[in-house]
Structure formats: C-alpha cells, structure tokens
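What follows is one structure encoded as structure tokens, with my remarks underneath.
The values are calculated or read from the model by the stated rules, or taken from the named source; none is laboratory data. All values derive from a computational prediction rather than experimental measurement. Using ideal geometry, Cβ is built from the backbone for each residue, glycine included, and neighbour counts are taken over all protein chains shown.
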Amino acid sequence: MFGIVVQGNAYLYAAKDQKQIAAESEDPVKCNIIGKYMQYTENTNLGKKAKKTKFAHEGSPLSRKLKHSYSLTDILGGTDSASVQEGKEGSNNSEVERLLATILSPDNNILPPSLKETYGDLSYEEKLLIVNSVISGKKYVHDGVITYSKVGEVNPGECFSELSLILDMPAENTMIAADDLHVLYFTKEDYKLIFNKRTRNIIHRKDFLKKLFPDLSMELLTKVSYYLEERLYQNRQVIYEKGDEAKEIYFVKEGGVEVRTIWLS
C-alpha cells in the first residue's frame, strides 16, 4: 500500500540491534517499568476489546487509531462516507478509548509515585509499542525490553511505503499511528498503473547510480534517484561558465565533456 497522510501523524520504528537490546536488558529499573506497563495493559484485556473495534484495523501496526482510510477506487468513484472503514461502533469503542487514554497519559497511576519520581516515565513512542504489542500480538517487547526504536515520523502531506512498491520489497520499518490518522491510499496495482513511467525512471536512475556507487544501499540510491533530473545537452553546448555559482552536481550518463579555460587577449 502507498499512502498519503491527510490528518494526524504516525511514527516509524525499526528493530534495535542485538547489542543495544542486550545493553538495555542490563537496566533492571527500566525493565521493571516496562514490565509493569505490559502487565497493566494485558490485565485490562485491551487486546480482546480492541479486536472488536476500529483499533484493530486488519491486524496492522496502524491499529492505534486508524479512523478513516479511502481507497483509490473510493476517491475516483466518488463513493460516499458509508465506505469509510471506521470499524464497529458501540461501547467497546469508548472502553478502548478510555484504556488507551489512561495508558498513554503521562499522568496515569500505573507506576508507583516513588518510581516515577526517581526514574521518570516511559516516552509516548515507547508506550505506543507496548499498546500495539498487546493489540496486534507483535513482539515489540521481549523480557522487559522494548525491541524497537522510533526512527522517524510521517506528518500531514507526506507519503509512505513508496520505496517498498518501487523496489518490490517488504516494508523496512513499522508504522504506528500516533494520533487519529486519516490516510488516502493506493493499492500496489493502482500505484503501478498510475505511476508506471515515474517508477521506471527511478529504477533506471537507481541502476545508473549503482554503477557509480556500488557500496551504497539500494534504499539510499533509490532516495537519491528521486531528486535526479535528467538533461540532454547538444554537442559543443556550454553547460556552465567560469565564475558561475555552483548550484548543481553532474553525473555523465552518456557521451563526454571537455573542461577548458579560455584566455581572452
């Protein structure tokens, strides 16, 4: 799925390496705090309650509060609001809302006051991982250690998952809604149909850059390819002159250039 955030924001998470996880497992106080949050969340039966509501959207890590999502077919077809995937309404929704507000709030009473005053509370992004560990069953927490860390955000007007579609590979990061999230999305088939030429151009540029920079990752090369602009210069055409401000860097794909200094008498 290729999506565009309309309203709200989401966090991007990546798995921590084993060295970092091992180091954090040596902090008994932090592990104890995480354990208390996990125990509290599991004891509320949040997972079972969320499965009956909008908070468990197709088992995705987006399950936090994905309220509205429109498919491309809905947009082009002018489908009315009845097609919006909001989940089931009822008491379960309000109960899950209350539990989430309690767990994610910095003013909750889950931790003993003395422990919170001495060590501090977990961050909002850490609590989101704990909540989603219970809701989706994903292993974001293991033996009192949070095994993922936040690596970025997706805000209104920004898109996500395009690299995965272009490279035809699984998503590299986990995305969790950090707020009521309104998303417009394209299916893989819709994206390829509409952006076929754009995708081909990016792949061609990426393959060209790979020859120049063989040690760079495919993800980085693809990101750089977004910003490359292809130009065609005629034989003997001046590309820039001495004294011009340096605004660009050039990579020669075909042909050759001659750099010379002309002395005027």
- Query: List pairs: first in the stretch 173-202 and closer than 30 Å to V131 by Cα and touching a residue at least 60 places away in the same chain (Cβ under 8 Å), second among the hydrophobic types (A, V, I, L, M, F, W, C) and part of a helix (DSSP H, G or I), Cβ under 6 Å, 6+ apart or cross-chain?
  - Reply: I176/L128; A177/L62; F186/L72; K188/L165
- Query: Where in the stretch 1-96 are the strands (runs of 3 or more DSSP E), entirely inside, with at least 2 residues that are modelled with pLDDT of 65 or more and not aliphatic (A, V, I, L, M)?
  - Reply: 2-7, 10-15
- Answer residue from the stretch 165-179, given it is at pLDDT 75 or above and not in a strand (DSSP E or B) and is surrounded by the fewest Cβ atoms within 10 Å (Cβ to Cβ) among those: P170
- Item | the stretch 1-42, subset in contact with a Phe, Trp or Tyr (Cβ under 6 Å, 6 or more places away or on another chain) and closer than 16 Å to T147 by Cα, residue surrounded by the most Cβ atoms within 10 Å (Cβ to Cβ) | Y13
- Query: Inside the stretch 211-263, can you point out the residues that are modelled with pLDDT of 85 or more and not in a loop (DSSP other than H, G, I, E, B)?
  - Reply: K211, L212
- Residues that are hydroxyl-bearing (S, T, Y) and exposed (fewer than 13 other Cβ atoms within 10 Å of the Cβ), drawn from the stretch 191-200: none
- Message: Being basic (K, R), surrounded by 14 or more Cβ atoms within 10 Å (Cβ to Cβ) and modelled with pLDDT under 85 is true for just one of K188, K206. Which residue is that?
- Response: K206
- Residues in the stretch 134-156 that are closer than 16 Å to Q18 by Cβ, more than 17 Å from the chain's Cα centre (by Cα) and assigned to a loop (DSSP other than H, G, I, E, B) total 3
